[in-house]
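A.B. asks: This structure is in structure tokens; I'll ask about it shortly.
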Amino acid sequence: MSKYKTIDVWNRVFGAKQEAYDYAGRLMKKSACGNPNSDYHPTLDHIRPLSAGGCDVPENIIICHRDIPEKERGYKLTVLLGRAYSNLAVLGDHKAHGDDDEVDKELIQHSIDILETVWKQGENDPYWNARMGYAHLMADDTAAVALEYGKRWLELEPDNPEAQKLVSDCEGYLSEEPVEMYGEADWDAVEKHIEKYFGYYDYVFHESVSTGIHLDICVIPPRKDHNYYTLVTFGMGAHRMNVPEELTEKKLERAELLINLPPDWKLSEEDWQEEKWYWPIDVLKWIARIPVKDRNTWLGWGHTISSGEPFAESTKLCGAMLLNPGVFGEPSYFCTLPDGDEVNFYQLIPLYKEEMEFKLENSVDELIDKCPDEILEVINPTRLNAITDEDTIGYDLAEMDNAESHLKRIRDLHLPVDELAAYNSMAVYLRWAMERGQMSNPFLTQYRNVVETVRAGNGPDLRVFIRDKLDGKLSTQFFDRVGSGFAQWYAQDNRSNPYVYLWDYRDCALAVLKDHTWNSIEEEEAAYLLLPYTEESYQAISAILDKRLKEFLETEFEDDPELRVARAADGKPPIIPDWDGPLFCYATDRIAQKGYKIKGAKRIMPEREEWGWESGWGFFSDDDMMDDELDDEKAGFYDIRDICRIDPTVVSLLSLPYGTYMEKNETGEWVEIEDDETELMTMQLDKIEDVLSENLGEGYRIVRDNDELSPIIEWVDWVNQSENDENEEAIRVEVHFEDGTEETFEKGITLRQIWHEDVL
């Protein structure tokens, strides 16, 4: 209710008019004032409700048709509501602000939010652009945004002096704002880094006006090995982010962003007038300025950022994750500046809402494992959702090559080869791995005769074998530890290795076909399909494979389990000599070397690079479970057949599913541990494998019940329920923090690494 009469407001707003339309386009009549039964009855409404602190003053009152639902307000009413909130923010109730320059920022933002609901109708309306421009100018740190609306207003009404003044005012404000920029030496270093690792850019999207930082975007066109556009920010790294003090040694304060777009993406300035082409640039600019606008925020690997709504009408992607630009190789990850500081480069991966939620509930690594490589390399606005479309995607983490993609290239490019050529590169690699003794035990169990004939020099056509017996695919599961590790590192495009098998294979083909004329980048990239399948070609590729394997073993591969001998199995008879599963399991030296009795066994899902050779089983003695200093020097991978020789009862466990924890009871029988006991053991294993690992002190904190974080953990110790009873299980943990304090927690404490916190 208002103290004002509708007729008085009518006279103030409409004067002597007898009829008028409200801002929703509904007809009102002056004669209907005070007559609620009339179809033309006007009524009064408060812009800011009285219940929300609004005042019953003229500035807070609008006149409109009776009972207009909010959804039926229409465009005009919505714009006027936005204007009314803007005026109220500046003037206040009873013009309380007046000329004192005080502005209610909350109301200004509400005004902007209201106006944005009708941006489709408003983008070509001078008045809407004017209201958006004025509102943004009054908001904090948005003069550059206000300028864009002012320019649009001036474009629609070139002779409007108020539009000219808004543009002039915005430019004046911006000219006075300090802008962070690279120094000349730093600029040169970053530019050289971009050109060296990402490619030469032939166009730069320059900001006409900058706020906080001067942000250019380098547009790198499609090129060999990367048949897509790469857009790289240039200027974000001039700002030093407020990284937590404990992470300063990691040099994470500076960053630049990049994003990959399909080769047919339209990137002319004319095309950028359309949202469906411009939104990746808008996202880059928005995210790059987050740490500038919020000085308490920083961005780094694994961070996720949500927009709250789709980036454009043409996509449902609404968030982003930052990862290392793995497809460009590890040296591309950071640029060292002349003073020793570093600028980190992160690839921006747009995500769906469900993918964001999965990452927040689980981990970055778990989300990555669900994403095929193409999701993590090039933007596709309508791609499948890695979470909701998981079954459709059917992504196999272990898959390293598939003839389907090669067959598609042959057909799409009309290459003059038989379709059997789609299997050439896989057959060469498989033969090489067989001859080097890299096949896994499960593979040998099934195809030992094929491997033996290949090694003898009279094997079958492996192209046909792969097509008919392996379903046209190669998998890292086909190989032993060395072989699967190498395949993951090299033959599989694993986002971090600069050498990808097909690239080397293609380069070999290009050398052989040096006189061939290529009609397109796509055709040149498919050159590997034209390399003849001959012994000469095999020997040439084998030499390259041998060289890459040597690099892998020197730089990546350590602690070969085949060199770790379970001496406690000496003299004991074989139990499973014909075992056809993965050969290795995790066990402690107490068990494998000293013959301690096995007390606990847990099976976890092997890591991506371990599939094919690692069973997932871990075996622990009673003493191991209570050892606060258990690490990889006291445990490692052993032949599972030897562990079964040490304790034959283990054989009965081998087929149990991942996630199973078994423990021997007092009578020596295996029993599955669930609920609280499972939680206890899980925490103890986490303690052993994570908390007390080399990662300790790298940002781990306790998450308290109120979601506050503890100081950084320095080390932990397990304590018994009763200090007088050494036989009782340790179910509490004593945590010592870096600030010198210590606390004791019950089982199930939650940990978090502070640099993996998300930017919301």
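The values are calculated or read from the model by the stated rules, or taken from the named source; none is laboratory data. Quick caveat: nothing in here was measured; it's all calculated off a predicted structure. Every residue, glycine as well, gets a Cβ built from its backbone with ideal geometry; the counts of neighbours run over all protein chains shown.
A.B. asks: Among (1) in contact with a His (Cβ under 9 Å, 6 or more places away or on another chain); (2) farther than 20 Å from residue 191 by Cα, there is one condition residue 235 misses while meeting the rest; what is its number?
C.D. replies: Residue 235 satisfies every listed condition except (2).
A.B. asks: Looking at segment 148-166, which of its residues are buried (at least 18 other Cβ atoms within 10 Å of the Cβ) and aliphatic (A, V, I, L, M)?
C.D. replies: 154, 163, 166
A.B. asks: Let me ask something additional. Could you please give the count of residues in segment 248-274 that are modelled with pLDDT under 85 and either outside the structural domain of residue 287 (by TED's automatic domain parsing) or of a type outside the set (D, E, K, R) (or both)?
C.D. replies: The qualifying residues number 3.
A.B. asks: Quick one: is residue 424 part of a loop (DSSP other than H, G, I, E, B), touching a helix residue (DSSP H, G or I) at 6+ places or on another chain (Cβ under 8 Å) and not assigned by TED's automatic domain parsing to the domain that holds residue 611?
C.D. replies: Values: part of a loop (DSSP other than H, G, I, E, B): no; touching a helix residue (DSSP H, G or I) at 6+ places or on another chain (Cβ under 8 Å): yes; not assigned by TED's automatic domain parsing to the domain that holds residue 611: yes.
The answer is no for residue 424.
A.B. asks: Which of the residues that make up segment 668-700 are of a type in the set (Phe, Trp, Tyr) and either surrounded by fewer than 19 Cβ atoms within 10 Å (Cβ to Cβ) or at pLDDT 90 or above (or both)?
C.D. replies: Restricting attention to segment 668-700, the residues satisfying the condition of being of a type in the set (Phe, Trp, Tyr) are 670, 700.
Answer for segment 668-700, where residues must be of a type in the set (Phe, Trp, Tyr) and either surrounded by fewer than 19 Cβ atoms within 10 Å (Cβ to Cβ) or at pLDDT 90 or above (or both): just 670.
A.B. asks: In segment 156-176, is there at least one residue being under 35 Å from the mean Cα position of the chain (by Cα) and closer than 20 Å to residue 286 by Cβ? Show your work before the answer.
C.D. replies: Narrowing segment 156-176 to residues under 35 Å from the mean Cα position of the chain (by Cα): 174.
Add one more test, that the residue is closer than 20 Å to residue 286 by Cβ, and what stays is 174.
Yes, segment 156-176 contains a residue that is under 35 Å from the mean Cα position of the chain (by Cα) and closer than 20 Å to residue 286 by Cβ.
A.B. asks: For segment 455-476, enumerate the residues that are surrounded by fewer than 20 Cβ atoms within 10 Å (Cβ to Cβ) and not charged (D, E, K, R). Can you show your working first?
C.D. replies: Quick first cut of segment 455-476, residues surrounded by fewer than 20 Cβ atoms within 10 Å (Cβ to Cβ) only: 455-461, 464-465, 467-473.
Scanning segment 455-476 gives 456, 457, 458, 459, 460, 464, 465, 470, 472.
Yes or no, residue by residue, for (1) at pLDDT 70 or above; (2) of a type in the set (S, T, N, Q):
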position: 18; (1), (2): yes, yes
position: 35; (1), (2): yes, yes
position: 56; (1), (2): yes, no
position: 59; (1), (2): no, no
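A.B. asks: Any chance segment 187-194 includes a residue that's in contact (Cβ under 8 Å) with a residue 24 or more places away in the chain, aliphatic (A, V, I, L, M), buried (at least 20 other Cβ atoms within 10 Å of the Cβ) and not in a loop (DSSP other than H, G, I, E, B)?
C.D. replies: Yes; the residues of segment 187-194 include at least one that is in contact (Cβ under 8 Å) with a residue 24 or more places away in the chain, aliphatic (A, V, I, L, M), buried (at least 20 other Cβ atoms within 10 Å of the Cβ) and not in a loop (DSSP other than H, G, I, E, B).
A.B. asks: Moving to a separate point now. Being hydrophobic (A, V, I, L, M, F, W, C) and in a loop (DSSP other than H, G, I, E, B) is the filter here; which residues of segment 428-462 pass it? Outline the logic, then answer.
C.D. replies: We begin by selecting, within segment 428-462, every residue hydrophobic (A, V, I, L, M, F, W, C); these are 428, 430, 432-434, 439, 443-444, 450-451, 454, 456, 462.
456 - this is the single residue of segment 428-462 that is hydrophobic (A, V, I, L, M, F, W, C) and in a loop (DSSP other than H, G, I, E, B).
A.B. asks: Still on this structure, I have one more. Taking segment 441-458 as the region of interest, how many residues are within 39 Å of the chain's Cα centre (by Cα) and among the acidic types (Asp, Glu)?
C.D. replies: Result for segment 441-458: 0.
A.B. asks: Cβ-Cβ distance below 6 Å, separation of 6 or more or different chains: which pairs start in segment 84-97 with a residue that is assigned by TED's automatic domain parsing to the domain that holds residue 110 and buried (at least 17 other Cβ atoms within 10 Å of the Cβ) and end on one that is part of a helix (DSSP H, G or I) and modelled with pLDDT of 65 or more?
C.D. replies: 85/107; 85/110; 85/111; 86/111; 86/135; 88/107; 89/107; 89/108
A.B. asks: Quick one: which of 283, 243, 292 is in contact with a His (Cβ under 6 Å, 6 or more places away or on another chain) and either farther than 19 Å from residue 200 by Cα or not assigned by TED's automatic domain parsing to the domain that holds residue 198 (or both)? Lay out the reasoning, then the answer.
C.D. replies: On the way: 283 fails: in contact with a His (Cβ under 6 Å, 6 or more places away or on another chain); 243 fails: in contact with a His (Cβ under 6 Å, 6 or more places away or on another chain).
Result of the check over 283, 243, 292: 292.
A.B. asks: Within segment 448-464, can you find the residues that are out of contact with any Lys or Arg (no Cβ under 6 Å at 6 or more places or on another chain), within 18 Å of residue 532 (Cα to Cα) and not charged (D, E, K, R)?
C.D. replies: Correct list: 460, 464.
A.B. asks: Now for a different question. Quick check on segment 262-269. Is at least one of its residues surrounded by fewer than 16 Cβ atoms within 10 Å (Cβ to Cβ), hydroxyl-bearing (Ser, Thr, Tyr) and part of a helix (DSSP H, G or I)?
C.D. replies: No, segment 262-269 contains no residue that is surrounded by fewer than 16 Cβ atoms within 10 Å (Cβ to Cβ), hydroxyl-bearing (Ser, Thr, Tyr) and part of a helix (DSSP H, G or I).
A.B. asks: Among the numbered criteria (1) touching a residue at least 12 places away in the same chain (Cβ under 8 Å); (2) in a helix (DSSP H, G or I); (3) farther than 20 Å from residue 383 by Cβ, which one does residue 284 miss?
C.D. replies: In the conditions (1) touching a residue at least 12 places away in the same chain (Cβ under 8 Å); (2) in a helix (DSSP H, G or I); (3) farther than 20 Å from residue 383 by Cβ, residue 284 misses (3) alone.
A.B. asks: Among the numbered criteria (1) part of a strand (DSSP E or B); (2) among the hydrophobic types (A, V, I, L, M, F, W, C); (3) more than 21 Å from the chain's Cα centre (by Cα), which one does residue 231 miss?
C.D. replies: For residue 231, the exception is condition (3).
A.B. asks: Being in the same structural domain as residue 255 (by TED's automatic domain parsing) and of a type in the set (Ser, Thr, Tyr), is that true of even one residue in segment 396-407?
C.D. replies: No.
A.B. asks: For segment 109-153, give me each residue that is without any contact (Cβ under 8 Å) to a residue 60 or more places away in the chain and among the aliphatic types (A, V, I, L, M).
C.D. replies: The answer is 112, 114, 115, 118, 130, 132, 135, 137, 138, 139, 145, 146.
A.B. asks: Also, I was wondering about something else. Residues in segment 570-580: is at least one in contact with a Ser or Thr (Cβ under 6 Å, 6 or more places away or on another chain) and either assigned by TED's automatic domain parsing to the domain that holds residue 654 or over 22 Å from residue 430 (Cα atoms) (or both)?
C.D. replies: Restricting attention to segment 570-580, the residues satisfying the condition of being in contact with a Ser or Thr (Cβ under 6 Å, 6 or more places away or on another chain) are 580.
After this cut, where a residue has to be either assigned by TED's automatic domain parsing to the domain that holds residue 654 or over 22 Å from residue 430 (Cα atoms) (or both) as well, the list is 580.
Yes, segment 570-580 contains a residue that is in contact with a Ser or Thr (Cβ under 6 Å, 6 or more places away or on another chain) and either assigned by TED's automatic domain parsing to the domain that holds residue 654 or over 22 Å from residue 430 (Cα atoms) (or both).
A.B. asks: Please list, ordered by first then second residue, the pairs with beta carbon atoms under 8 Å, 6 or more apart or interchain, first in segment 155-173 and closer than 15 Å to residue 138 by Cβ, second in a loop (DSSP other than H, G, I, E, B) and β-branched (Val, Ile, Thr).
C.D. replies: Filtered contacts from segment 155-173: 170/209.
A.B. asks: Check whether at least one residue in segment 201-210 is more than 24 Å from residue 145 (Cα to Cα), at pLDDT below 90 and in a loop (DSSP other than H, G, I, E, B), and report yes or no. Walk me through how you get there before you give the answer.
C.D. replies: Narrowing segment 201-210 to residues more than 24 Å from residue 145 (Cα to Cα): 201-202.
Narrowing further to those that are at pLDDT below 90: 202.
Now restrict to residues that are in a loop (DSSP other than H, G, I, E, B): 202.
Checked segment 201-210: at least one residue is more than 24 Å from residue 145 (Cα to Cα), at pLDDT below 90 and in a loop (DSSP other than H, G, I, E, B).
A.B. asks: Across segment 627-649, which residue is modelled with the lowest pLDDT among those that are of a type in the set (A, V, I, L, M, F, W, C) and touching a Phe, Trp or Tyr at 6+ places or on another chain (Cβ under 7 Å)? Spell out the reasoning first.
C.D. replies: Here is the first cut: in segment 627-649, the ones of a type in the set (A, V, I, L, M, F, W, C) are 630, 635, 637, 640, 643-644, 646.
Pick out the ones that are also touching a Phe, Trp or Tyr at 6+ places or on another chain (Cβ under 7 Å) and you get 635, 637, 640, 643.
Values: 635: 87, 637: 90, 640: 94, 643: 95.
If we take residues in segment 627-649 being of a type in the set (A, V, I, L, M, F, W, C) and touching a Phe, Trp or Tyr at 6+ places or on another chain (Cβ under 7 Å), then 635 is modelled with the lowest pLDDT.
A.B. asks: Here's a follow-up. Give segment 67-83 a look and list any residue that's at pLDDT below 65 and crowded, with 16+ Cβ neighbours inside 10 Å, or say none. Spell out how you get there, then give the answer.
C.D. replies: Step one: of segment 67-83, the residues at pLDDT below 65 are 67-73.
If the condition is that a residue be at pLDDT below 65 and crowded, with 16+ Cβ neighbours inside 10 Å, then 68, 73 are the ones that fit.
A.B. asks: Going residue by residue through segment 489-503, is there one that turns out to be outside any helix (DSSP H, G or I) and small (Gly, Ala, Ser)?
C.D. replies: Let us first name the residues in segment 489-503 that are outside any helix (DSSP H, G or I), namely 492-500.
Those still in the list that are small (Gly, Ala, Ser) too: 496.
Yes, segment 489-503 contains a residue that is outside any helix (DSSP H, G or I) and small (Gly, Ala, Ser).
A.B. asks: Residue by residue through segment 300-323, note down the ones that are touching a residue at least 60 places away in the same chain (Cβ under 8 Å), touching a Pro at 6+ places or on another chain (Cβ under 8 Å) and small (Gly, Ala, Ser).
C.D. replies: 312, 314
A.B. asks: Condition first: over 20 Å from residue 576 (Cβ atoms), in contact with a Pro (Cβ under 8 Å, 6 or more places away or on another chain) and at pLDDT below 90. Can you find one or more residues in segment 652-667 that meet it?
C.D. replies: No, that holds for no residue.
A.B. asks: Moving on to the next point. Look through segment 573-614, keep the residues that are among the aromatic types (Phe, Trp, Tyr) and in contact with a strand residue (DSSP E or B) (Cβ under 9 Å, 6 or more places away or on another chain), and return whichever of them is modelled with the lowest pLDDT.
C.D. replies: To start, the set of residues in segment 573-614 that are among the aromatic types (Phe, Trp, Tyr) comprises 579, 584, 586, 596, 611, 613.
Now drop any that are not in contact with a strand residue (DSSP E or B) (Cβ under 9 Å, 6 or more places away or on another chain), which leaves 584, 586, 596, 611, 613.
Details: 584: 92, 586: 91, 596: 93, 611: 77, 613: 90.
This residue is 611.
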